[in-house]
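Peer 1: Below is one structure. I have some questions about it.
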Amino acid sequence: MKAALVMSLLALSACARPPLDVAGEFSMTTVRDAQIAERPGERVRWGGTIVETRPQRDETCIEIVSLPLDRRARPHQTDQTFGRFLGCASGFYDPEIHARGRDVTVIGTIEGTRSGKVDDYDYLFPVVRAEAIHLWPEHAEERDVYYGVGPYWSPFYWGWWESPPYWSRPPIIHRRY
């Protein structure tokens with residue numbers, strides 16, 4: 001009994017860990033903190049939803065709406081945001097894969113800020129020189145799943161008092177995923 005309890009606790013704790021490429025200890029600096037006072041050289045783990053991916057000559061910069069991270073370092077979908085930032089990494093990141101709306105977690109050091117625009121609004125983007133960019137799998141679409149077996153005869157499912165025939169389906173379990 002104790003062994004089963006220990007094994008289940010180990011399994012649960014393994015589920016709450018971030019992937020290896022985004023694990024570790026990082027500064028608690030937020031995007032807003034980096035906009036107010038430049039903090040170059042601080043190592044951060046920020047994440048959010050991709051707005052746009054811009055490949056350039058030697059690097060790719062990804063504009064990200066910052067969101068709070070859960071225990072696994074995955075962005076938590078909420079209306080709370082810390083602002084926007086740019087995660088820039090050497091090499092080519094395909095904009096079709098790193099597409100608008102995908103969740104991403106970035107590990108790197110703050111380089112400074114870069115002026116830009118969000119529509120017509122002048123915006124100051126903190127820039128993170130990315131060591132790792134973890135693209136999370138897309139969320140599964142919600143779908144209705146019905147479980148049930150039948151038809152078969154049983155006087156116990158809908159009761160023998162129902163009018164014949166007694167052919168019926170068992171109760172359907174409805175789950176939303």
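The values are calculated or read from the model by the stated rules, or taken from the named source; none is laboratory data. Bear in mind the structure is a predicted one, so any value in this text is a computation, not a measurement. Cβ placement follows ideal geometry from the backbone for every residue including glycine, while neighbour counts extend to all protein chains displayed.
Peer 1: Out of GLU131, GLU59, which single residue is surrounded by fewer than 16 Cβ atoms within 10 Å (Cβ to Cβ), more than 19 Å from the chain's Cα centre (by Cα) and in the same structural domain as ALA23 (by TED's automatic domain parsing)?
Peer 2: None of the others qualify; the one that does is GLU59.
Peer 1: Got at least one residue in the range 67-80 being closer than 15 Å to PHE125 by Cβ, in contact with a strand residue (DSSP E or B) (Cβ under 8 Å, 6 or more places away or on another chain) and either of a type in the set (Gly, Ala, Ser) or modelled with pLDDT of 95 or more (or both)?
Peer 2: no
Peer 1: Let me ask something else about it. If TYR166 passes every condition in (1) at pLDDT 50 or above; (2) surrounded by 15 or more Cβ atoms within 10 Å (Cβ to Cβ) but one, which one does it miss?
Peer 2: Evaluating TYR166 over (1) at pLDDT 50 or above; (2) surrounded by 15 or more Cβ atoms within 10 Å (Cβ to Cβ) leaves (1) as the failure.
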